[in-house]
Structures are given as structure tokens and as C-alpha cells.
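One structure is given here, and the rest of the page talks about it.
Here, each number is a calculation from the coordinates, and none is a lab measurement. Keep in mind that what you see is a predicted model, and the values were worked out from it rather than measured. Note: ideal-geometry Cβ built from the backbone for every residue, glycine included; neighbour counts use all protein chains shown.
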């Protein structure tokens, strides 16, 4: 009875730890095309039975597969941990995948996903009967190898050697690692098959995987992965696995059949009349469970420490880290030739940290070159921040970084060339603005929102832009928006939501008040800037000098007063008023923008909510509260603004939501009105 209570306590403690630990997002994942299951179906019950007990069923070499049910109710699952991962870490990894994979594809009958240390697939079809590379997933490093042909040749030879070694593995593990060099670059690689495959099937699976390299964007890159359910391989230019694990023990003598274990067998300890044997088994089980709990506690602590160190590691990046990106580093002579020695004829504009030039490389590719000024104030921190972070960001609404150049005092960033310049060139020009009809403006607003959402939530690192404005939104040939200039971007740990700084960067008029006044910023700071930008797009005027007839006032003041007075159409760009059928859509966008520029940080929506509001017209919107009015046409001094803002924030709890601050310095109580 005592032992049962002890085991129950350990199990509950283990379960609580798993719930408390914050689960990271899946490294990769995909949903199948086998349809959905219903909540109370037999298939779901069978699947839950498999997944609930999955971590405890994994064998000592990180593998397990099983099936339950018949015909259409049959549920199958297969698990494989990387060969160098400890059993306790493997089980924790699989448990995390089980939690996250259901969120990735809810009610899907077939799902495949995992982290770097483990992968899992469940399906309503037999998995064990498909020994080929039935599912492919490509991951790659965006940087090119310094000598692609030599690199690919050495990689192929290394992969073939590792494939042969892994295929020769026994029935418990088929896994091999190794390294080689290609010129000045090292190559580290890992290959693995599920151990239930025969030698020939493992050989064929890895051959098929490497044979798909021409279809993978990883060809010629300094790192890549091809992941399948039954086999996978990975290579990088730095070591990513631990030392080679000991090979498995040979099968017992006399076992000529060498039966391949599938991980489904329950190994029952031998029974007998010897009490010592039973006592030994109990001691081993209790010790193992205790060690598992201890390992989980240590793993949670290490993960949290690693997250805290992430910012410091990026900010203290050394020259060695920059040299990792040498494969996409341009020679200064090549950039100088491409820009005609940085001639004024090729000058596109002057940014906050130096001029931007148009260039044409020897291969005919057009690029934009940002030449950082020696006295611009952007030091090594900002330069490495932009290079190391932006290179990892891949989204259709972000300007793509092609490379960089370091040459003595010269520091250059090479971007893709976007032909239509920036949004402000069109928006604030009375002639060019005619090209921005409502369809294009709506597409621009939606694209900017998706780009910021990617920076906030969908990229591996959380990025706060902090300088979102019309001049930092470029337009390509199809007038699709691309967000640029990440030099001011702030790197966030994944579990942080806000930060503070004494170094205020950005552009007044777009900055949220809590950031401009106190240096406090968060993802909601970008939401505020986005709201201001949307109001500019809809009105066609700058936020600092909105012209209303003969008077000039700030944009937020006029937008809010128009909204409260039911005269929002006066705020809309006259070029958009001609199509009356679109007024409702435009007014909805104004409504969303006012939600973004609310003075209360907590009341502003997230970018995920903004994207949903923009795409779903059936979604009802909350009423906005007053925006932050800290800009006036008769501003006298910055200190008065700070004092006024602090006073309002102190007294905010005493002011009812129906009270709003108008564009004048007087406060007035106004009833809640929905604009006509």
C-alpha cells in the first residue's frame, strides 16, 4: 500500500512538472490529408490511448511504434528520438510534442512534427508498412557555402559513409555521425533510420532522402535537414550533436533470427520465488523514476537559463560569429563596382544611419546597398543585430537581406532591390497618390500587418521593430508592401512581453507615448505605430500636420473627433470617397486603427487580433477608447508633454471610459456613439 502511494505521488509530481513547464513551438510540423475525426469517435479514443502512455513506452534507444483498432478506427503512432539524446530527455521531448502537435492540427487523423531532439507521427493508416521516405520536411540555413561545388562534393561523400554505417546498425539503433572539411569550412552531419527497418530499407531510405537534395532549398547552403518518418539526415558547419554514443550490445548468442524489436512489446521482469530479485527490481524502478523527476527539473532550469542568455549571446556576438556568415559576405570592391563607386546618380535616399544606393552585381542582379555612416551612431551592436537577425527572417512582407560587407571602417548591408521605393513617396505626393486606390491600400495595410505579426509571433525570435513608419515600408513591382530597416529592432526572449531602455530610437509621431516618454516598449508599441500608419494611409496625410480646411492639427486628434462626432467621412482621403460602396470597409479600417492607438497599452489589440479583424468582416469590433494625444500644433516644450502624459496616466483610474481627451487641452465628457 505504501509503495502504491509512493508511485502515485511520483506520477502526479511528474505530471505537474510537465504542465508547468512552458512548451516551445514545434521545430517542424505538417498536417496530413486523411481527413478529420470527431470528438467522440472510436478513432479518437484509440489515439488518446496511444498518446497518453507514449513517453513511458519508448525503449532505451528512443524508439516506439504501435497500433490500436481495426479498419477505419485504427490509430498508429511512431516515435524516434535522435540517437545522442538521453532517454529522460527523449521522453520529455516526446511529451512536449504530444502536447503541441494537437494544437498544430486539431482533430486531424494524420499529423507529423517534432523538435530537434525527437519526432512523432500518428495516422489512421499503417506507418510501419511504409519503409520509404514517405514524408519529407525541408529545413535549411539561408547562408551559402563559400565554395558550393567543393562543399557539396565533400558533403555527398560524408553522407554516403554515414549512410553505410547507419544501415549496418543492429535492430536497436541505426544512427551515425561524423565530420569532414571542405576548404576552410567544417561539415558535421548526422543520419538516422528507425531501427525496425532492415539494412537494405535503411540504405534505400537514406539514399532516397539525399537524392531529394536538388528539390531542397538547402542545396549549396551551410546547413540543411531532410526529415522523413522513417529516416532523416542533417548537416551544419558547426557541431550540433554530442559525442558518438556507444554502439548497442550484440544480440545474445544463439539468437540467429535477430528479430527486430518494434517497441510494442511489454518487457515483463522474470518472476520467481527469490525475494531478492523482486526487491532489486523495485529499487531499480524507484531509482529510475526519481532520476527522471530530477532530470526534468534540471532540464526546466537549463531551458529557462538558455532563454535568458539568448539576448546577451546575440548582443555580445564576436567576430567569430560574424565569420559564420562569410558565405554571404560581399567584397567591398564588388559593391563599389556595383554602385559605380557610390555615385550620386545611384543614390536612392538618405536614411538615419547613412545613404542607400542602387547597385547592379556582376551577375546582373539589382540590389540596394545601405552604407552605414562612420558617425551615424550605429555601432557594432546595431550592425550585428541587423545582420544576424534579419538574415534569419524570411517573409514575403519583409525586405530580404542578401549579404553584408565589412572592410576597415566600411560597413555595408546588401538588400534585395524593391523598385517602387517607399510608401511615403506615393502616399504624400498628390499626383502619385492617385495610383493608390482602395484595393491597393487595403492590400498594403494587410501586408504590413502580416509582416509585423511574423516579427512578433511567427519567427523563431520575437522582434520589436520600434521604427515602423511610411518611409520604412517599401513597395515592390506589384505594390506589395515590404517592411525594411531592422537596425532599430529589439530582440526579445520568447517568454517576455515588454522591456525598457534609456536609448529612445524611432520617429516621433509614430512612437507610442509610453515609449516616447518613459522608454517602455513592447509588441503593443509596434501596434500603436501600425495604427498611426493605417490612419495616414486612409487619410493620405502625415500624422504631424493633418490639414483640415484652413486649420492644421495632429492626425490622431482629428481622427478621434471625427469618429466621436460621426463625421468620419471627412477624415477619408478625397480620392477614396468616390466609391461609396467601399466606405464601410474604409471605416472599419479606421475603427481598427483607433483600437491600435488607444492610450491604454492593455486595451490595444495584438497583431494577431489585428490580422483577424482585417480578414474577418463578420467579427464585431469593440469600441475604442481615447487615443494618446501628445502632439499639438502649438507644442511648447517636451517637458510639458511628459508632465501632461504622467498626469493623465496617474489619474486614468479615476476617469470613466466615456470621458475622452480631445484635441484641445480641455477635457470633455462625450457619450458613446457609433459612427454612421
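Structural remarks
- Each peptide in 49-58, 230-239, 444-453, 35-44 gets a packing score, the mean of other Cβ atoms within 10 Å over its residues, and the list from highest to lowest is 444-453, 230-239, 49-58, 35-44.
- Efficiency of FRET from Cβ geometry, residue 31 and residue 179, R₀ 30 Å, rounded to 0.05: 0.30
- Calculated log₁₀ intensity ratio I(q)/I(0) where the Debye formula runs over C-alpha points of the stretch 24-123, q = 0.15, 0.18 Å⁻¹: -0.54, -0.77
- Residues 465, 395, sorted so that the one with the fewest Cβ neighbours within 10 Å comes first: 395, 465
- Rounded FRET efficiency, nearest 0.05, which uses the C-beta distance separating residue 302 from residue 478 and R0 of 35 Å: 0.15
- Multiplying the residue separation of residue 603 and residue 280 by 0.36 nm and removing their Cα-Cα distance gives an extension gain of 110.2 nm.
- Using the Cβ-Cβ distance between residue 331 and residue 147 with R0 = 22 Å, the FRET efficiency computed as 1/(1 + (r/R0)^6) comes to roughly 0.90.
- Here the contact order of the stretch 137-236, divided by its residue count and restricted to Cα pairs under 8 Å and six or more residues apart, works out to 36 percent.
- With neighbour counts taken as other beta-carbon atoms within 10 Å, the residues 560, 438 rank, fewest first, as 438, 560.
- Distance in nm between pseudo-label sites at residue 199 and residue 39 (7 Å out along the Cβ direction from Cα): 5.3
- Full extension of the chain between residue 429 and residue 458 yields a length gain of 7.0 nm, computed as 0.36 nm times the residue separation minus the alpha carbon distance.
- Residue 56 versus residue 407: modelled label distance in nm, points set 7 Å from Cα along the beta carbon direction: 6.5
- Histogram of C-alpha separations across the stretch 27-77, 10 Å bin width, %: 22, 47, 29, 3
- Relative to the current alpha-carbon distance between residue 585 and residue 107, full extension at 0.36 nm per residue lengthens the span by 168.7 nm.
- Pair residue 360, residue 400: separation of 7 Å Cα→Cβ label points (nm): 2.1
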